[in-house]
Amino acid sequence: AQSVTQPDIHITVSEGASLELRCNYSYGATPYLFWYVQSPGQGLQLLLKYFSGDTLVQGIKGFEAEFKRSQSSFNLRKPSVHWSDAAEYFCAVGAAGGYNKLIFGAGTRLAVHP
Amino acid sequence: NAGVTQTPKFRVLKTGQSMTLLCAQDMNHEYMYWYRQDPGMGLRLIHYSVGEGTTAKGEVPDGYNVSRLKKQNFLLGLESAAPSQTSVYFCASSPEAGSQTFGAGSRLTVL
């Protein structure tokens, strides 16, 4: 069965430090992969997505993610975190059966210290 | 430029009461979805629709019904609310080839 694992429930970084959020997926075929961000009390906003091609994907707000098929991973990175990046981050994989359905990980909550 | 709008934003119900959550999108998207979000579990798909007049079950459909009588609207109903349905509900829509756009969420508490 398809699944998405985000191993880190909470991460705290200092403002200006680099960030890497981990995501591992389970899916037999080539996956469609997504990262969404949720600010407190808000809906989910798409940061970036991978469908095919270049395995390093650039997104909004200075985020990037790298698809590594051999590791079944799609980790999210940012070279320098801003206080406004504090939020919850969700990794998702396109579900089998089409219709753009998604299977989400449990999320990683990011706190940023000044 | 509203995108996906959910109403109401907050609701408190007593066990056994019924209610309907409304989702409206103005992007002419074919597909629409209802999720629930619970702490530590991410978002789970309840039901979805791939076009006007169609609905299908997602991962956690029990206790919920949906209808899509108009392309722009997707309704989620609870016929007899239970405390286990206390959650934050998100609606999303997507074009046939594209990514999902989410609403701001509806927080439901069942006492």
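Can you pull out every residue in the range A:44-69 that is among the charged types (D, E, K, R) and either surrounded by fewer than 16 Cβ atoms within 10 Å (Cβ to Cβ) or outside any strand (DSSP E or B) (or both)?
Within the range A:44-69, the first condition is being among the charged types (D, E, K, R), and the residues that meet it are A:49, A:54, A:61, A:64, A:66, A:68-69.
Across the range A:44-69, the qualifying residues are A:54, A:61, A:68, A:69.
Restrict the check to the range B:24-46 and report whether at least one residue is at the interface with chain A (Cβ under 10 Å from one of its Cβ atoms), in contact with a Gly (Cβ under 7 Å, 6 or more places away or on another chain) and farther than 18 Å from residue A:36 by Cβ.
yes
Look through the range B:1-23, keep the residues that are touching a Gly at 6+ places or on another chain (Cβ under 9 Å) and within 13 Å of another protein chain (Cβ to nearest Cβ), and return whichever of them is surrounded by the most Cβ atoms within 10 Å (Cβ to Cβ).
Step one: of the range B:1-23, the residues touching a Gly at 6+ places or on another chain (Cβ under 9 Å) are B:3-6, B:9, B:18-21, B:23.
Those still in the list that are within 13 Å of another protein chain (Cβ to nearest Cβ) too: B:3-6, B:9, B:23.
Working: B:3: 15, B:4: 23, B:5: 15, B:6: 22, B:9: 12, B:23: 25.
Residue satisfying both the conditions and the ranking: B:23.
From the list B:12, B:60, B:66, B:88, which residue is touching a His at 6+ places or on another chain (Cβ under 6 Å) and either assigned to a loop (DSSP other than H, G, I, E, B) or hydrophobic (A, V, I, L, M, F, W, C) (or both)?
The unique qualifying residue is B:66.
Test of understanding: among A:41, A:53, which residue is over 13 Å from the mean Cα position of the chain (by Cα) and more than 12 Å from chain B (Cβ to nearest Cβ)?
Details: A:41 fails: more than 12 Å from chain B (Cβ to nearest Cβ).
Going through A:41, A:53 in turn, just one is over 13 Å from the mean Cα position of the chain (by Cα) and more than 12 Å from chain B (Cβ to nearest Cβ): A:53.
Tally the residues that are of a type in the set (A, V, I, L, M), within 11 Å of chain B (Cβ to nearest Cβ), more than 19 Å from residue B:48 (Cα to Cα) and not in a loop (DSSP other than H, G, I, E, B), restricting the search to the range A:87-114.
Just the residues of the range A:87-114 that are of a type in the set (A, V, I, L, M), to begin with: A:87, A:92-93, A:95-96, A:102-103, A:106, A:110-112.
After this cut, where a residue has to be within 11 Å of chain B (Cβ to nearest Cβ) as well, the list is A:92, A:95, A:102-103, A:106.
Okay, now just the ones that are also more than 19 Å from residue B:48 (Cα to Cα), so A:106.
The next check asks that each one be not in a loop (DSSP other than H, G, I, E, B); those that pass are none.
Final tally of qualifying residues: 0.
Are there any pairs with C-beta distances below 6 angstrom linking a residue in the range B:83-111 that is facing another protein chain (nearest Cβ under 7 Å) and on the phi < 0 side of the Ramachandran plot to a residue that is of a type in the set (A, V, I, L, M) and surrounded by 21 or more Cβ atoms within 10 Å (Cβ to Cβ), with the two at least 6 apart or on different chains, and if so which?
Once the first residue is facing another protein chain (nearest Cβ under 7 Å) and on the phi < 0 side of the Ramachandran plot and sits in the range B:83-111, its partners that are of a type in the set (A, V, I, L, M) and surrounded by 21 or more Cβ atoms within 10 Å (Cβ to Cβ) give B:100/B:92; B:102/A:44; B:102/B:92; B:103/B:4.
Considering every residue within the range B:55-67, establish whether at least one is free of Cβ contacts under 8 Å to residues at least 12 places away in the same chain, out of contact with any Leu (no Cβ under 8 Å at 6 or more places or on another chain) and crowded, with 20+ Cβ neighbours inside 10 Å. If you could, list the steps in order and put the result at the bottom.
Just the residues of the range B:55-67 that are free of Cβ contacts under 8 Å to residues at least 12 places away in the same chain, to begin with: B:56-57, B:62.
Then keep just the ones that are out of contact with any Leu (no Cβ under 8 Å at 6 or more places or on another chain); that gives B:56-57, B:62.
With the extra rule that they be crowded, with 20+ Cβ neighbours inside 10 Å, the set shrinks to none.
So far as the range B:55-67 goes, no, none of its residues is free of Cβ contacts under 8 Å to residues at least 12 places away in the same chain, out of contact with any Leu (no Cβ under 8 Å at 6 or more places or on another chain) and crowded, with 20+ Cβ neighbours inside 10 Å.
Readers should treat all values here as calculations from the given coordinates under stated rules, not as data from a laboratory. It should be emphasised that the depicted structure is a prediction, and the values quoted were computed from it without experimental measurement. Because the Cβ atoms are built from the backbone with ideal geometry, glycine has one as well, and the counts that use them run over all protein chains shown.
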